[in-house]
Amino acid sequence: MSGPAASLGLRSGSYGSLASVAGSGAGCVGRKAGARGWAWRGEKERLQLLHRALRLVGRRRAGVLLLLAVASAAVFCSLFAVVKDDSNLISIVNNYEVPNAIQKSVYPSTTRPLMMSGGQYSTSVVNKIELPNRLHLSYANFTYPCEGFSVPPPLVDKKRTGPRPCPVCYVSVDQAFALMPLQASPSPVLKNLNYVSEDSITANLSNQGSGFGGHPSLEQRNKSFDINESMTVHCGFVRGDKPGKGTGFDIKDDDLLEMEQCRELVVASAIFGNYDMIQHPRNISEFSKANACFYMFVDEETEAYVNNSSSLYSNNKIGLWRLVVARNLPYEDPRRTGKIPKLLLHRLFPNVRFSVWIDAKLQLFADPYLLLERFLWRNNTTFAISRHYKRFDVFEEAEANKAAGKYDNASIDYQIEFYRNEGLAHYSPAKLPITSDVPEGCVIIREHIPITNLFTCLWFNEVDRFTSRDQISFSTVRDKIRARVGWMPEMFLDCERRNFVVQAYHRELLEQMIASGRKPPSATDQPSRKLRPGSRKASPSKKPSVKRKKEKKSSSRRRLPKPVAGGMGVM
């Protein structure tokens, strides 16, 4: 990759220390090298004046004044450095030269309307956003800085054999926004997607699934894969007036109102059971802070912990995250509950065009608009998820889940046997261009169009029917949809995912480390090893592995039906 307009993502360690090799001026004051602070003219008079002042206040007082002056200068420099660091993009190795047309664009202030009763609108200062005079760029007439860039082969390092991040070529936030498609991407075959509600069904409690999911029968499940131009499918929230209101996973009205006003991009995560610590996104541009919505869904236990332990929590916000408390949860299992916002964001945010899902164990280190450009728009795709760094086969993934105690073994065996009878086979190169059957589902980047919404609805239905291990059901849903309409999610490299997210310790482990006197490493205090331009070697670091407690049987309070000999019968 050549030219000055390249933005290459590099991270030098597993905890996100950034390697920025771009040349920048030294010191905290932006002066040119060699510039004089005082001119020669009048310098003698200034020295005489300073000497007289020191004689007047005395030596001791002068020392105190000098110390105060030095301390003030240090504080000013540190504040300037913090502001400068926060405004810069992640992983800028070469300074990006933004075209003059983008530099000269004007960003007028506008307000986002808040819907009131009776269809009226009012404006809110809280929702003030900055929208540029839209300068649209297309890939056809755009000199692309990442043309020809490819991920280099991994370095051979006997001391570090685990997964590592790899370079990712990003554009600037301004260019990413300019490259955003003006129109929604076409949805193959499916144009109109509706959802089953309680008024239109009579739930059969003998069927698998939950009340939240509507207990779809096996016949209804199979029919949902027959894709037509207009469809009505189960997709959670079957009860109540609308998602989050009387449906289970209930949300306060003011939160629902704010969620409806999120129009373009939402970055979402969730913590249930007070398991993880809130991770604050870094390297987020001011443009994204003003335009993207950042939502963290929590239960009452987690909200109480945050409220009692963090002085930063006020007005339902902590940092960039707006905390939304979900009540009347439909599942006892926090993992299964977490799949509701993870897979059904299009139902919680009906007016959003794009979404980025980040598991709560991860800290985001890149601007979300850069992720949309890199993994969606550049590849002309509508759904992107990383593949597992090690496993490609669903059967191997199931055995790994059993060995790690991720779920009840009998339930995993039942699900795998069900899929085997439907035709699930081991992964092989014969499935190319499919590169893997197992995703690393902690990051999902997608556009909300009917076909992607259908995919996540049917994926959620499998999680509701079987185990909460969504890696096991991913390929089955993907392959069934691909066989009908030729659409499938894009799967990018796991090392690319590790470029923009960093896994953190969960809350219980952090508390144990602090209680024992050990200081847990973090993404902000890890010493970064300086890299030469073009270097990719990362500083080794290790993180202890901690397993969750082994679950009991399926936590959704339903018994597992016995498999029917010679195949699976209707449920």
Label-point separation, GLU147 to LYS242 (7 Å along Cα→Cβ), nm: 4.6 nm
Note on segment 322-449: alpha-carbon gyration tensor, axes a ≥ b ≥ c; rule is a/c under 1.5 for rounded, else prolate if a/b larger than b/c, else oblate; result oblate
May I ask you to compute the full-extension gain from SER309 to ARG482, defined as 0.36 nm times their residue separation minus their alpha-carbon distance, rounded to one decimal in nm? 57.6 nm
Using the per-residue mean of other Cβ atoms lying within 10 Å as a proxy for protection, in what order, highest first, do the peptides 461-468, 410-417 fall? 461-468, 410-417
Whole-Hz ³J(HN,Hα) from phi, Karplus 6.51 cos²θ - 1.76 cosθ + 1.60, for segment 359-372, glycine and proline x: 4, 5, 6, 10, 10, 7, 10, 9, 5, x, 5, 5, 5, 4
Expressed per residue, the solvent accessible area of segment 320-399 in Å² (1.4 Å probe) is about 27 Å²
With the contact rule set at Cα under 8 Å and sequence spacing of 6 or more, what percent relative contact order holds for segment 148-234? 28 percent
Residue-span extension gain [TYR389 to ALA403] - 0.36 nm each, minus C-alpha spacing: 3.3 nm
Spelling out what I want: for every residue of segment 284-292, take phi, set θ = phi - 60°, compute 6.51 cos²θ - 1.76 cosθ + 1.60 (Karplus), and round to whole Hz; glycine and proline get x. 8, 5, 4, 4, 5, 4, 7, 10, 7
Rounded, prolate or oblate (a/c below 1.5 giving rounded, otherwise prolate when a/b exceeds b/c) for segment 389-499 by Cα gyration tensor: rounded
What list of ³J(HN,Hα) couplings, whole Hz, do you get for segment 461-473 from phi and the Karplus terms 6.51, -1.76, 1.60, once you set θ to phi - 60° and write x for glycine and proline? 4, 5, 5, 6, 7, 10, 8, 7, 7, 5, 5, 6, 8
Put a dot 7 Å past each Cα toward the Cβ at THR232 and LEU432; how far apart are the dots in nm? 4.5 nm
If I model a spin label at ALA290 and LEU218 as a point 7 Å from the Cα along the Cα→Cβ vector, what separation in nanometres do I get? 5.7 nm
Is there a pair in LYS223/LYS339; LYS402/LYS480; LYS245/LYS289; LYS159/LYS317; LYS342/LYS402; LYS289/LYS480 whose C-alpha atoms are over 32 Å apart, and which pairs would that be? LYS159/LYS317; LYS289/LYS480
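The values are calculated or read from the model by the stated rules, or taken from the named source; none is laboratory data. Everything numeric here is computed off the predicted structure, so don't read it as measured data. So basically every Cβ, Gly included, is an ideal-geometry build from the backbone, and we count neighbours across all protein chains shown. For the accessible areas, the whole protein counts, side chains as well, though only heavy atoms, and no ligand, DNA or RNA atoms are used. Shrake-Rupley method; radii C 1.70, N 1.55, O 1.52, S 1.80 Å.
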